[in-house]
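Scroll down for the structure; my scribbles are underneath it.
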Amino acid sequence: MRKWLQNPWTDRFLQSCGVNPRHYWLLIDLFAQLSERGEMMDQLGRNGVALKSVAIIYFLMSSAIGVITVLAQPSAPVYLGIFMAFTAFLLMTVLVTEAGNSLINPQEAVILAHQPINGATYTAAKLSHLARIVLYLVPGLNVIPALAGLMLKNAAWYYPAVHLIAAFVVGTASALLCCSLFGLLVRFVPVRRLKAAGQLAGALPFLAMSGGQSALRSLSRLHWRNWLPADPLFYWGLAGLLCIVGVGGIVLGIRSLSADYLIRVSSMSRGGASAGARRSRFGAIVRWMFGGQSAVAGFAFVSRMMLRDWQFRRLMIPMFVYPLVGLVSLIASGWPADPFGGGKFSTMHLLPHAMGFLLFFICSVLPYGNDYKGVWIFLSVPSRAIDGFTRGIFSVLWINVVLIPNLIALALFARPWGIWHAGLFTAFSMALASLYLALELRMIENVPFSKQIDTTRQAMMLPLMIGGGIVAAIVVSVQYFLLFHSAAAVALTAVVLAGAAYFTARASLSTVAGSIRFHLSVISSETTSLYREIAG
Amino acid sequence: MPESAVEFDQVVFSYEYEQVLHGISFTLHKGEIVGLLGPNGAGKSTTIKIIAGILAASAGSVTVVGIPLPERAVDVKQRIGYVPEAAFLFESLTGQEFLELMGRLHDVEEHTLQNRIRDILQTFELTGDRESRLDTYSKGMRQKVLIGAALLHNPDLILLDEPLSGLDVNAAIMIKDLIAALAENGKTILYSSHVLDVVEKICDRALIIHKGRLIAQGTPQDLMASTGQPTLEDVFRSLTGSTQTNPGVQGIVASLRP
């Protein structure tokens, strides 16, 4: 592929875009070499195994959706529209993350900053892997739905071709839009705010989807069709205007990447100097509850790194969008009903499971971080301190994700539901969320923030989350239909769950401590273990 | 009037809300070896990064070999060699691969590049390790690779930020000889270091920066004469206000007692 692409025509095209072809191909080779040797693992488009895994997952998911949608027999344009929106959304979630990671957090820029590479060349080389993502994921998402489209009523024989061409156009436009978005961020956002802006950008596809749904609902309530002229020319004009604005924005954004990008990125590498020195008020509680200074060390380390680590924040911020949107719509739709009210379903039934979902995600990404090379410091720590350190990790998650939100819920609902119902629900919710934490803690298989981000593992998250969602739905049903009709049954279940959480947490803590010790022993055996070996 | 290699005029630089350089001005002449001195956090590395085109000054003007910065940073980078303070490298590359990459990014012709790499590896006694990954190199070996990478493209201006860090005595002597030889061949060298006796021996001039301000400049002899101090270290202590024995040292020792 590489040899096929490197030809005089491509070089001429690159030159016309302000890219130095010689430097571009050198950087492409460098990034490929670094990815192959495990030094640059944070980019999906450069990791063949992860990319293929994601493509297969998307293929299975879109095949199922395609077959189900065809059974509903929508018209061909509606069917096409559904899949183009689906493709754009899923691609944007991947591409925004990838573009942000490539442009806002370029680890290698520190080494290359003083080399005579212009901004256009550097960013072109960095973003080339987005094209590979589009090439893999667009067919993965659309091959079966395109073929299934033939079963629609009045579908033309050439429908699959139209579907796939449209999907590639949407994919390319999505990739260009991502590049443009980050170009505009790099150009217009002050350097000190750029990292935070990049992290927030990861949440944009989710916000766009939630916001789009709300906007459509609001528009339909306003009967907007009555307000607009019926002349089709108006719509053609509007579409043309939107195209011009869109293309103009994309061109401006992409051109922004060609200027002083490397200088701005170098300034950014010192970002976070004003992280603040807040002292946690929980230190004494953790020392008392979880045992000793090493537990406080684990608590302080993990809680501060969760707030400051680029990779962790980048991955977690989109996860908070849905709960936030949910909270806003909850407030808008009125106070949640008492779960013991009988008959009516209360959204509060979802609370412990939402905590479990959040804890699942946190535990799965906690071992990965930007400053993973700092793990060596743990080699100098006495082995027995790891036990306390692990309890410290548990304490951060339990206090921040289980205890505090449940206490807030108790304070909020004590009055409308009565102290007895609110207290019992909180006890149940805390016990269940604690059990989730105790089970999910085993996903932390190394010192937190001590591994380079692994796109293969990230790719596996989606099916796990879907599976987890199905299990949670079953548990919520059991909760609603069987359990919450009797306060005594809830109290008894809460006691059983709390006991199970306690013993499971003890076993999990021992496993995590053992796992951390094992990984540290691997790292200490030789320095090269920090990276994957060169094949052969 | 000697030809200038660097013109640094009223340069101001800020990181976030913290101003690091407060209107610094100086000139480096062609073929000069100039020492850049200052306590930790004085702004030495920032000054070097601005000259290297890595950072852009917030105010003031900078020209390197007659080329303005940051407008033509790429052209400046083509003409400078830079040894950074911290040895960040692509750890999974071998020494040979890293040097090839750096040479090719500077458009060094392939035959010339291979000859220069061979000479550099031989001189630095790294020929036997050329195919080893950089993560297996010692700190000194990495430093040698960085110095070699900075020279591959025959730069006019060489920026050295603590270049002797991690080097053994023989390698340090060799680097000092190399710096002198490069200056004799018309290269301009800006040498930032905390090792003041080395600066005193090899530099034609010294610039002393303290809290982002240039507080003194001149030949080591002139600085010693003007301050009445016998060594450059004493000049440095008197200008930056550091005393012979820091009272804080006794405080640390006292706090360690049970």
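Has region A:265-273 got at least one residue that is at pLDDT 75 or above and either of a type in the set (D, E, K, R) or over 22 Å from A:HIS114 (Cα atoms) (or both)?
Taking every residue of region A:265-273 in turn, none turns out to be at pLDDT 75 or above and either of a type in the set (D, E, K, R) or over 22 Å from A:HIS114 (Cα atoms) (or both).
Pairs please, first residue from region A:312-339 and at pLDDT 75 or above and buried (at least 18 other Cβ atoms within 10 Å of the Cβ), second anywhere and outside any helix (DSSP H, G or I) and not charged (D, E, K, R), Cβ atoms under 6 Å, 6+ apart in sequence or on different chains.
Short answer, once both residue conditions are applied: A:ARG314/A:GLY202; A:PRO336/A:SER346; A:PRO339/A:SER346; A:PRO339/A:PHE484.
Any residue at all in region A:171-193 that's assigned to a loop (DSSP other than H, G, I, E, B), touching a residue at least 60 places away in the same chain (Cβ under 8 Å) and buried (at least 18 other Cβ atoms within 10 Å of the Cβ)?
Our first condition is that a residue be assigned to a loop (DSSP other than H, G, I, E, B); within region A:171-193, this holds for A:189-190.
With the extra rule that they be touching a residue at least 60 places away in the same chain (Cβ under 8 Å), the set shrinks to none.
Scanning region A:171-193, I find no residue that is assigned to a loop (DSSP other than H, G, I, E, B), touching a residue at least 60 places away in the same chain (Cβ under 8 Å) and buried (at least 18 other Cβ atoms within 10 Å of the Cβ), so the answer is no.
Return only the number of the condition from (1) buried (at least 17 other Cβ atoms within 10 Å of the Cβ); (2) within 13 Å of another protein chain (Cβ to nearest Cβ); (3) more than 29 Å from B:LYS139 (Cα to Cα) that B:VAL11 does not satisfy.
(2)
Tell me whether region A:56-68 contains one or more residues that are at negative phi and within 14 Å of another protein chain (Cβ to nearest Cβ).
The answer is no, given that none of the residues of region A:56-68 is at negative phi and within 14 Å of another protein chain (Cβ to nearest Cβ).
Exactly one of these conditions fails for B:ASN115: (1) closer than 20 Å to A:GLY119 by Cβ; (2) at pLDDT 90 or above. Give me its number.
For B:ASN115, the failing item is (1).
Among the residues of region B:104-134, how many are part of a helix (DSSP H, G or I), within 11 Å of another protein chain (Cβ to nearest Cβ) and more than 18 Å from A:MET40 (Cβ to Cβ)? Working first, answer last.
Initially, region B:104-134 is screened for residues part of a helix (DSSP H, G or I), giving B:104-105, B:110-123, B:127-129, B:134.
Checking which are within 11 Å of another protein chain (Cβ to nearest Cβ) leaves us with B:104-105, B:134.
If we keep only those that are more than 18 Å from A:MET40 (Cβ to Cβ) as well, we get B:104.
Counting residues in region B:104-134 that are part of a helix (DSSP H, G or I), within 11 Å of another protein chain (Cβ to nearest Cβ) and more than 18 Å from A:MET40 (Cβ to Cβ) gives 1.
Do any helices (runs of 4 or more DSSP H) lying entirely in region B:143-254 carry at least 3 residues that are polar (S, T, N, Q), and which ones are they? Let's see the steps before the verdict.
Numbers: elements: B:169-184, B:196-202, B:220-227, B:232-240.
Ranges flagged: B:220-227.
Just need a number here: residues in region B:49-73 that are over 22 Å from B:ILE189 (Cβ atoms) and of a type in the set (A, V, I, L, M, F, W, C).
So the answer is 2.
Just to check your reading of the model, which residue among A:GLU108, A:GLU98 is within 14 Å of another protein chain (Cβ to nearest Cβ), closer than 30 Å to A:SER266 by Cβ and not polar (S, T, N, Q)? Step through it out loud before you land on a result.
Values: A:GLU98 fails: within 14 Å of another protein chain (Cβ to nearest Cβ).
The conditions single out A:GLU108.
Is it the case that region B:47-60 has a residue that's closer than 15 Å to B:ARG205 by Cβ and buried (at least 16 other Cβ atoms within 10 Å of the Cβ)?
Going residue by residue through region B:47-60, those that are closer than 15 Å to B:ARG205 by Cβ are B:47.
Next cut, buried (at least 16 other Cβ atoms within 10 Å of the Cβ) only: B:47.
Yes, there is a match, as at least one residue in region B:47-60 is closer than 15 Å to B:ARG205 by Cβ and buried (at least 16 other Cβ atoms within 10 Å of the Cβ).
If a residue must be crowded, with 17+ Cβ neighbours inside 10 Å, out of contact with any Gly (no Cβ under 8 Å at 6 or more places or on another chain) and of a type in the set (S, T, N, Q), how many such residues does region B:138-196 contain?
Of the residues in region B:138-196, 1 are crowded, with 17+ Cβ neighbours inside 10 Å, out of contact with any Gly (no Cβ under 8 Å at 6 or more places or on another chain) and of a type in the set (S, T, N, Q).
Is it the case that A:ARG22 is among the charged types (D, E, K, R), over 24 Å from the mean Cα position of the chain (by Cα), within 16 Å of B:VAL74 (Cβ to Cβ) and outside the structural domain of A:LYS451 (by TED's automatic domain parsing)?
Working: among the charged types (D, E, K, R): yes; over 24 Å from the mean Cα position of the chain (by Cα): yes; within 16 Å of B:VAL74 (Cβ to Cβ): yes; outside the structural domain of A:LYS451 (by TED's automatic domain parsing): yes.
In short, yes.
Using the structure shown, decide if B:LEU101 is within 14 Å of chain A (Cβ to nearest Cβ) and in contact (Cβ under 8 Å) with a residue 12 or more places away in the chain.
Numbers: within 14 Å of chain A (Cβ to nearest Cβ): yes; in contact (Cβ under 8 Å) with a residue 12 or more places away in the chain: no.
In short, no.
Considering only residues that are free of Cβ contacts under 8 Å to residues at least 24 places away in the same chain and either in a helix (DSSP H, G or I) or touching a Pro at 6+ places or on another chain (Cβ under 7 Å) (or both), which ones fall in region B:44-76?
Of everything in region B:44-76, those that are free of Cβ contacts under 8 Å to residues at least 24 places away in the same chain and either in a helix (DSSP H, G or I) or touching a Pro at 6+ places or on another chain (Cβ under 7 Å) (or both) turn out to be B:LYS49, B:ALA56, B:ALA73, B:VAL74, B:ASP75.
When you scan region B:16-40, how many residues do you find that are touching a residue at least 24 places away in the same chain (Cβ under 8 Å) and within 14 Å of chain A (Cβ to nearest Cβ)?
The total comes to 3.
Conditions tested, residue by residue: (1) within 13 Å of B:LEU36 (Cα to Cα); (2) touching a Pro at 6+ places or on another chain (Cβ under 8 Å); (3) not small (Gly, Ala, Ser).
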| site | (1), (2), (3) |
| --- | --- |
| B:LEU164 | no, no, yes |
| B:LEU167 | no, no, yes |
| B:ALA171 | no, no, no |
| B:LEU178 | no, no, yes |
| B:ALA181 | no, no, no |
| B:GLY186 | no, no, no |
| B:SER192 | yes, no, no |
| B:GLU200 | yes, yes, yes |
| B:ILE208 | yes, no, yes |
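Which of the following residues is surrounded by 15 or more Cβ atoms within 10 Å (Cβ to Cβ), modelled with pLDDT of 80 or more and in the same structural domain as A:VAL186 (by TED's automatic domain parsing): A:LEU91, A:LEU60?
A:LEU91
Name the residue, out of A:ALA131, A:ALA146, A:ALA161, A:ALA120, that is part of a helix (DSSP H, G or I), within 14 Å of chain B (Cβ to nearest Cβ) and either surrounded by fewer than 23 Cβ atoms within 10 Å (Cβ to Cβ) or modelled with pLDDT of 90 or more (or both).
On the way: A:ALA131 fails: within 14 Å of chain B (Cβ to nearest Cβ); A:ALA146 fails: within 14 Å of chain B (Cβ to nearest Cβ); A:ALA161 fails: within 14 Å of chain B (Cβ to nearest Cβ).
Criteria check complete, one pass: A:ALA120.
With in the same structural domain as A:THR172 (by TED's automatic domain parsing), outside any helix (DSSP H, G or I) and small (Gly, Ala, Ser) as the only criterion, which of A:GLY100, A:GLY81, A:GLY66, A:GLY38 stands out? Walk me through it before giving the result.
Values: A:GLY100 fails: outside any helix (DSSP H, G or I); A:GLY81 fails: outside any helix (DSSP H, G or I); A:GLY66 fails: outside any helix (DSSP H, G or I).
That would be A:GLY38, the only listed residue that is in the same structural domain as A:THR172 (by TED's automatic domain parsing), outside any helix (DSSP H, G or I) and small (Gly, Ala, Ser).
The values are calculated or read from the model by the stated rules, or taken from the named source; none is laboratory data. None of the values given here were measured: they were computed from a predicted structure. All Cβ positions, glycine included, derive from the backbone under ideal geometry; neighbour counts span all protein chains shown.
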